[in-house]
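Have a look at the structure below, then the notes.
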Amino acid sequence: MSDIYKDLQKRILVLDGAMGTMLQRYDFSEEDFRGERFKDYPSSLKGNNDLLSLTQPDAISEVHRKYLEAGADIIETNTFSGTTIAMADYNMEDLVFELNFESAKIARQVVDEFTKQNPGQPKYVAGSIGPTNKTASLSPDVNRPEFRAITFEELRIAYKQQAEALIDGGSDILLVETIFDTLNAKAALFAIDEIKEERQIDIPIMVSGTITDASGRTLSGQTVEAFLTSISHIPLLSVGFNCALGAEQLKPYLQRLSYETELFTSAHPNAGLPNAFGEYDQSPEEMQALIKSYLEDNLINIIGGCCGTNPEHIKAIAEVAKQFSPRNAALYV
């Protein structure tokens, strides 16, 4: 498991691209989401992508495989919404452990198959831990600024259940990603730290925040430097940013982050900014050119794609990543 630390010192690692973007290509119906097991389920299930690990596992395997073939070194599990908090939207809180375990197991199997066929090319499974759909430090009601929809303790319990299942399913890394509220992330990190202590394990942790607009802050109002300080109390593999912005818009914030930390740095930006229809138009070639500027400026150790990216984008990113050495934090901090 510690091999990833050695790998990161030797080369830039490539993270996969968007799971949701790929699943949209299948155009799954309500019946497809339900499968045989949930055909009579009382709630609508279309849109619950995490559930597809149980009802359409071959599709999830195929997506993972395509990203590996494109050159990805790290494969994210299909568990972005895999907490009791997020699954409450579908009345599926009881399935959370199974969803995470099976998602990690699918990714593990595909990665192991690929490694067997391509010895000497180590690949890793990153257990994806999303931000949930609630925020611990902001009120959802402008008329009640003191109100909170979720507590730190509720988040800790939910994240701990998810993280345990991801580890049991075979994850090499835990990726706490798309962080818009650092208090949520701190609950996840607290839960993971508990697991590490209880199990006497040392699983690497990636942390990836999201800058929500041109102000350069997270949704909960933190600057790059404040975000970094808030999550630096726990040993981490890497810190970085993903989602919300395209590669061009994200670069100045990655520069600030890279100059301030001794940790490995990561980025998985969107394929540009969404158009009027919420779709992403940036081509693999356009994104590759922007990512190349990250590498020329020695900003990144782990690079991948978020919303709108597909295996073509990851292939283009992997091709350019091979041409550069990984960021050396000692040059800055």
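The values are calculated or read from the model by the stated rules, or taken from the named source; none is laboratory data. These numbers come from a predicted model, not from an experiment. Glycine also receives a Cβ, built like all others from the backbone with ideal geometry; neighbour counts cover every protein chain displayed.
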Fill in the blank from the handout: Restricted to segment 169-194 and to residues being under 16 Å from the mean Cα position of the chain (by Cα) and of a type in the set (Asp, Glu), the residue farthest from Ala126 (Cα to Cα) is Asp181
Exercise for the section: Run Met1 past the list (1) in a loop (DSSP other than H, G, I, E, B); (2) at pLDDT 95 or above; (3) of a type outside the set (D, E, K, R) and report the number of the one that doesn't hold. Expected result: (2)
Exercise for the section: Among the residues of segment 160-188, count how many are surrounded by fewer than 23 Cβ atoms within 10 Å (Cβ to Cβ), assigned to a helix (DSSP H, G or I) and not acidic (Asp, Glu). Expected result: 5
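What residue, among those in segment 67-121 that are outside any helix (DSSP H, G or I) and β-branched (Val, Ile, Thr), is surrounded by the most Cβ atoms within 10 Å (Cβ to Cβ)?
Thr77
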Practice task
State all residues of segment 98-145 that are out of contact with any Ser or Thr (no Cβ under 7 Å at 6 or more places or on another chain) and acidic (Asp, Glu); if no residue qualifies, say none.
Solution key: Glu98, Asp112, Glu113, Asp141
Handout entry: Any hit, segment 297-305, residues being touching a residue at least 24 places away in the same chain (Cβ under 8 Å), closer than 18 Å to Gly17 by Cβ, touching a strand residue (DSSP E or B) at 6+ places or on another chain (Cβ under 7 Å) and in a helix (DSSP H, G or I)
Key = no
Exercise for the section: Check whether at least one residue in segment 229-240 is in contact (Cβ under 8 Å) with a residue 12 or more places away in the chain, of a type in the set (Gly, Ala, Ser), crowded, with 19+ Cβ neighbours inside 10 Å and in a loop (DSSP other than H, G, I, E, B), and report yes or no. Expected result: no
Completion exercise
When Tyr159 is run through (1) among the hydroxyl-bearing types (Ser, Thr, Tyr); (2) farther than 22 Å from Asn48 by Cβ; (3) modelled with pLDDT of 95 or more, the failure sits at (2)
Practice task
Given the conditions (1) more than 21 Å from Ala136 (Cβ to Cβ); (2) surrounded by fewer than 20 Cβ atoms within 10 Å (Cβ to Cβ); (3) at pLDDT 95 or above, report the number of the one that Pro204 does not fulfil.
Solution key: (2)
Handout entry: Inter-residue pairs, beta-carbon under 6 Å, first under 11 Å from Arg156 (Cβ atoms) and touching a residue at least 12 places away in the same chain (Cβ under 8 Å) and in segment 178-190, second in a helix (DSSP H, G or I) and not aromatic (Phe, Trp, Tyr), 6+ apart
Key = Asn184/Leu155; Ala187/Leu155; Ala187/Arg156; Phe190/Arg156
Practice task
Consider only pairs whose beta carbons are under 9 Å apart and that are at least six residues apart or on different chains; among these, list those whose first residue lies in segment 74-87 and is in contact (Cβ under 8 Å) with a residue 24 or more places away in the chain and whose second residue is aromatic (Phe, Trp, Tyr) and assigned to a loop (DSSP other than H, G, I, E, B).
Solution key: Ala86/Phe80
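Here's the yes/no breakdown for (1) in contact with a Pro (Cβ under 9 Å, 6 or more places away or on another chain); (2) closer than 20 Å to Phe227 by Cβ; (3) of a type in the set (Val, Ile, Thr):
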| position | (1), (2), (3) |
| --- | --- |
| Pro140 | no, no, no |
| Pro145 | no, no, no |
| Ala163 | no, no, no |
| Ile167 | no, no, yes |
| Asp172 | yes, no, no |
Exercise for the section: List every residue pair whose Cβ atoms sit under 6 Å apart, with the two residues 6 or more apart in sequence or on different chains, where the first one lies in segment 314-325 and is among the acidic types (Asp, Glu) and the second, anywhere, is surrounded by 15 or more Cβ atoms within 10 Å (Cβ to Cβ) and not in a helix (DSSP H, G or I). Expected result: none
Exercise for the section: Could you grab me the full set of residues in segment 284-296 that are hydroxyl-bearing (Ser, Thr, Tyr) and without any contact (Cβ under 8 Å) to a residue 12 or more places away in the chain? Expected result: none
Practice task
From the list Leu273, Leu250, pick out the single residue that is of a type outside the set (Gly, Ala, Ser), within 18 Å of Leu219 (Cα to Cα) and part of a loop (DSSP other than H, G, I, E, B).
Solution key: Leu273
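Conditions (1) touching a helix residue (DSSP H, G or I) at 6+ places or on another chain (Cβ under 7 Å); (2) hydrophobic (A, V, I, L, M, F, W, C); (3) modelled with pLDDT of 95 or more; (4) more than 30 Å from Lys116 (Cα to Cα), marked per residue:
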residue	(1), (2), (3), (4)
Leu8	no, yes, yes, no
Tyr26	yes, no, yes, no
Gly35	yes, no, yes, yes
Lys39	no, no, yes, yes
Leu45	yes, yes, yes, yes
Leu52	yes, yes, yes, no
Gln56	yes, no, yes, no
Tyr67	yes, no, yes, no
Thr79	yes, no, yes, no
Exercise for the section: Considering each of Asp58, Asp32 in turn, give the residue that is free of Cβ contacts under 8 Å to residues at least 12 places away in the same chain, part of a helix (DSSP H, G or I) and not small (Gly, Ala, Ser). Expected result: Asp58
Exercise for the section: Filter segment 9-23 down to the residues that are assigned to a helix (DSSP H, G or I) and under 18 Å from the mean Cα position of the chain (by Cα), then identify the one that is surrounded by the fewest Cβ atoms within 10 Å (Cβ to Cβ). Expected result: Gly20
